[in-house]
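Trainee: Please find one structure pasted underneath; my questions will follow.
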């Protein structure tokens, strides 16, 4: 085993959160080695090629993820089921942020104290049995400066609804107070967006453009979106999407303090006899290395972060690193997406133009933005109209009475492909004792290491919530002018998108894995970034929240005031100039 | 989910059509299957015209190598059922009989012996069919962009104007393959 020179910080994974951490740590003067399992993408590969990027091939995960897809079973005494519908993750510099849909919401102030708020408003009877609903160990106000910073770094386009407590027309009146508007105006409102907006206004909702980490105008030396529609699951042909490869990784690399090692896969976190991390053992193209480090930051996807902790067993940590309270892997949550569909007979909706994130949405039915009394469920989700009606994926969208092959199928597609609208319906999933991640006892990856096993089911609270949201989405589609409307069937399995939990943060080491900075309760110099640390799921896309948390953690590790680092990054990188 | 280790990042190894991984008889059965799934009719070209078999043949030598045994099993099962029920090969069946067997394949009622092994086949074949019909022609299917023309998708366009994003706007663009994009992404304006 080759022993490398010691470095201050070893970062595992250089994706959506790792890129953020690298930028902050290096700007603060820290030396960082980043181990990245995938290749050094240019960010312009496989442009506008749906075949390469769809789940069936997912070229982005060729280096790693495609060979270690988690297994799934619905409950702990259930048999393993066929691999769940999984959205392919990306490996490589930039990680999945290179190919994500780039929807960039903040979570609500209410999300950060969801347990307390739910109990105060609805009483203990409102909590479904078996839930581990928990408050976060920090508040929205604690994270707001980091949301603001993240929005500046990636370049978020949107229309603010609440600036320092002042509610602004046309924005989201339910959002937490922001210290200033978005860096960029919202993406263009399409005809499809206008249809949704008008229907939502007519129903008494408060529609607003989906905030997106996609440039509506040139920004920080980057080019604006062209509305080409090859966006979610693909790399952007002009670099308008705010993946870390096109935003913060170049800032970190320019400092000369970031050593990026691609094709290098972390195998375990090595700890010494005191229970302190001494570095990372990793497999490189030329064999196994040991990278000594003063601190270790795990910035892979939720699945791999958990797997690394569980595989880093020692005599002191017999069940995995930081797992002496048995909390690692617990309270895994996955998004349930159950869209509704409508045919607008004879109309051209042109949904095959524009990125997926070019949409309109409502937040009225999310979080605790509406009174749940008597509804039989807590929490909520969002309904949105979206673009990017890509032809391979979208030709799966057919009404239940139309066969999926033969002349009727062909006739339906030929007539209606450009007349179908999709309203996405995504809901918050509560944390349950029965939903968790562990190591599969049988299935292994090509290195012989067990893959993650997902134990996950959808329970009554989420079933009712999704039905409630779908009912309202159907009414919206009808108000938009759809003739024939149908809904996606309920499913129970994990979708492989917005997977969070497993190393949740909290104050109490008996019931959580990390503190609010992502630091393991049981190991003083190991930090976890990303979705694994979320105590609850939120009803919105989590990436911006994960990136804000990553900035906060990195500034904490560096021991430098965030504002100082921010000014340094502004000297070389994106700035609002005002 | 299929690994794609044979395709190097940033490159395509699919410039030449390799010889089929299937026998001639198997290719004939495959042709009949995809044509049944998406037939030529008065609305326009079918799966064979659009190049779905060409697409699959190329993919069987690259990223979809692992699916060849499953296709073999399914095509053999279709041929056996055709022989038993109609005294013909599957490829020789009239469209009505062909569709009866495809329906049984979809419902998992084609072959009692191999029911479990065949269960994943239909969803996979359906995905591959749509890739061959509606994927970028650089992968060997969607010949002449006939699949895109049929449903009205203009392919790999640089972008769209605000006017084109209005409801009922007619987007009158000649379809384009991603292979026609400038390699460095420097195309600088919406045409």
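Trainee: Among the residues that make up region B:107-119, is at least one of them at the interface with another protein chain (Cβ under 8 Å from one of its Cβ atoms) and at pLDDT 90 or above?
Mentor: Checked region B:107-119: no residue is at the interface with another protein chain (Cβ under 8 Å from one of its Cβ atoms) and at pLDDT 90 or above.
Trainee: Condition test on residue B:26, is it away from chain A (no Cβ under 14 Å) and either crowded, with 23+ Cβ neighbours inside 10 Å or at pLDDT 95 or above (or both)?
Mentor: yes
Trainee: What single numbered condition from (1) buried (at least 17 other Cβ atoms within 10 Å of the Cβ); (2) more than 21 Å from the chain's Cα centre (by Cα); (3) touching a residue at least 60 places away in the same chain (Cβ under 8 Å) fails to hold for residue A:413?
Mentor: (3) is the only condition that residue A:413 fails.
Trainee: Given the structure, is residue A:123 more than 21 Å from the chain's Cα centre (by Cα) and touching a residue at least 40 places away in the same chain (Cβ under 8 Å)?
Mentor: no
Trainee: Sticking with this structure for a sec: Among the residues of region A:115-148, which ones are assigned to a helix (DSSP H, G or I) and within 16 Å of residue A:542 (Cα to Cα)?
Mentor: Those that are assigned to a helix (DSSP H, G or I) and within 16 Å of residue A:542 (Cα to Cα): A:140, A:143, A:144, A:146, A:147, A:148.
Trainee: For region A:295-319, how many residues are in a strand (DSSP E or B) and surrounded by fewer than 24 Cβ atoms within 10 Å (Cβ to Cβ)?
Mentor: Selection size over region A:295-319: 1.
Trainee: May I pose another question? Are any of the residues in region A:172-192 within 14 Å of chain B (Cβ to nearest Cβ), at pLDDT 95 or above and not in a loop (DSSP other than H, G, I, E, B)?
Mentor: yes
Trainee: Now for a different question. Among the residues of region A:58-95, write down those that are without any contact (Cβ under 8 Å) to a residue 24 or more places away in the chain, out of contact with any strand residue (DSSP E or B) (no Cβ under 9 Å at 6 or more places or on another chain) and within 11 Å of another protein chain (Cβ to nearest Cβ).
Mentor: Of everything in region A:58-95, those that are without any contact (Cβ under 8 Å) to a residue 24 or more places away in the chain, out of contact with any strand residue (DSSP E or B) (no Cβ under 9 Å at 6 or more places or on another chain) and within 11 Å of another protein chain (Cβ to nearest Cβ) turn out to be A:59, A:66.
Trainee: OK, next. Have a look at A:265, A:257, A:330 and point out the one that is within 30 Å of residue A:379 (Cβ to Cβ) and surrounded by 17 or more Cβ atoms within 10 Å (Cβ to Cβ).
Mentor: Going through A:265, A:257, A:330 in turn, the sole match is A:330.
Trainee: Quick check on my filter: what residues within region A:255-272 are farther than 23 Å from residue A:95 by Cβ and touching a residue at least 40 places away in the same chain (Cβ under 8 Å)?
Mentor: A:270, A:271
Trainee: Could you tell me whether region A:68-78 includes any residue that is part of a strand (DSSP E or B), within 25 Å of residue A:529 (Cβ to Cβ) and touching a helix residue (DSSP H, G or I) at 6+ places or on another chain (Cβ under 6 Å)?
Mentor: no
Trainee: Okay, next question. Filter region B:120-137 down to the residues that are within 7 Å of chain A (Cβ to nearest Cβ), crowded, with 19+ Cβ neighbours inside 10 Å and touching a residue at least 12 places away in the same chain (Cβ under 8 Å) and list them by number.
Mentor: B:131, B:134, B:135, B:136
Trainee: Among the residues of region A:385-402, are any in contact with a helix residue (DSSP H, G or I) (Cβ under 6 Å, 6 or more places away or on another chain), within 11 Å of chain B (Cβ to nearest Cβ) and surrounded by fewer than 18 Cβ atoms within 10 Å (Cβ to Cβ)?
Mentor: No: zero hits.
Trainee: Still on this model: Only one residue in B:146, B:150, B:181 is facing chain A (nearest Cβ under 8 Å) and either touching a helix residue (DSSP H, G or I) at 6+ places or on another chain (Cβ under 7 Å) or at positive phi (or both). Which one?
Mentor: B:150
Trainee: May I ask you to list the residues in region B:37-50 that are buried (at least 24 other Cβ atoms within 10 Å of the Cβ) and either in contact with a strand residue (DSSP E or B) (Cβ under 9 Å, 6 or more places away or on another chain) or more than 7 Å from every other protein chain (Cβ to nearest Cβ) (or both)?
Mentor: Across region B:37-50, the qualifying residues are B:47, B:50.
Trainee: For region A:349-364, does any single residue satisfy the condition of being surrounded by fewer than 22 Cβ atoms within 10 Å (Cβ to Cβ), in contact (Cβ under 8 Å) with a residue 60 or more places away in the chain and under 25 Å from residue A:173 (Cβ atoms)?
Mentor: Yes, the conditions are met somewhere in region A:349-364.
Trainee: In this structure, does residue A:322 turn out to be in contact with a strand residue (DSSP E or B) (Cβ under 7 Å, 6 or more places away or on another chain), outside any helix (DSSP H, G or I) and on the phi > 0 side of the Ramachandran plot?
Mentor: Spelling it out, residue A:322 is indeed in contact with a strand residue (DSSP E or B) (Cβ under 7 Å, 6 or more places away or on another chain), outside any helix (DSSP H, G or I) and on the phi > 0 side of the Ramachandran plot.
Trainee: Are any residues in region A:1-31 assigned to a loop (DSSP other than H, G, I, E, B) and touching a helix residue (DSSP H, G or I) at 6+ places or on another chain (Cβ under 6 Å), and if so, which ones?
Mentor: A:15, A:16, A:17, A:28, A:30
The values are calculated or read from the model by the stated rules, or taken from the named source; none is laboratory data. As the structure is a computational prediction, the values presented were derived from the model and not from experiment. So basically every Cβ, Gly included, is an ideal-geometry build from the backbone, and we count neighbours across all protein chains shown.
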